[in-house]
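Novice: First, the structure itself, so that you have it in front of you.
Nothing in this text is a laboratory measurement; each read-out follows from the coordinates by a stated rule. As the structure is a prediction and not an experimental result, all values here were calculated from the model. All Cβ positions, glycine included, derive from the backbone under ideal geometry; neighbour counts span all protein chains shown.
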Amino acid sequence: MTFQEEGTVLGSPCTLMVTFVCTHRPDGTEYSEGKGVVYTKDGDSASINVCCVLVPKGMPPNGSIRGATFFSTPSPKLARLNKIATVFEAEMSEDMSYTVKDWEWK
């Protein structure tokens, strides 16, 4: 699965693209690992690694997703990302629309 999102990173508008490999578990949950990149409108970028678990809610792909994201960047503007992890929660609907909330893990 590949996702593209628009948002902000460290106050800068950005685009995020991540491709996930998903493993379905016998209990109906799904474990996913993803790799991708975030690009700012100013041309800075960071690679990202994501791990998450989806708990289904009704017809696929409805579900609640919880996970963590880790960053790596050579960009001086985004260098703080090298020292943090974020945790997130997402809710996905049948039509593949979703909402995501991220928090810096302090």
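Novice: If N is the number of residues in the chain, what value comes out of its Cα radius of gyration divided by 2.2 N^0.38 Å?
Specialist: 1.10
Novice: Which net charge results when you count Lys and Arg as +1 and Asp and Glu as -1 among the other residues whose beta-carbon is under 14 Å from that of residue 85?
Specialist: Combined, the nearby Lys, Arg, Asp and Glu give +2.
Novice: Can you list which of the chymotrypsin sites (Phe, Trp or Tyr not before Pro) found in segment 61-99 are DSSP loop residues with at most 10 other C-beta atoms within 10 Å?
Specialist: Working: sites: 70, 71, 88, 98; in loops: none.
In loop regions of segment 61-99 (DSSP not H, G, I, E or B), there are no sparsely surrounded chymotrypsin sites (Phe, Trp or Tyr not before Pro).
Novice: Please state the charge dipole magnitude for the chain, taken about the Cα centre, from unit charges on C-beta atoms (+1 on K and R, -1 on D and E), reported in debye and rounded to the nearest 20.
Specialist: 420
Novice: What is the fewest-to-most order of 47, 72 by other Cβ atoms lying within 10 Å of their Cβ?
Specialist: Details: 47 14, 72 11.
Ordered by Cβ neighbours within 10 Å, fewest first: 72, 47.
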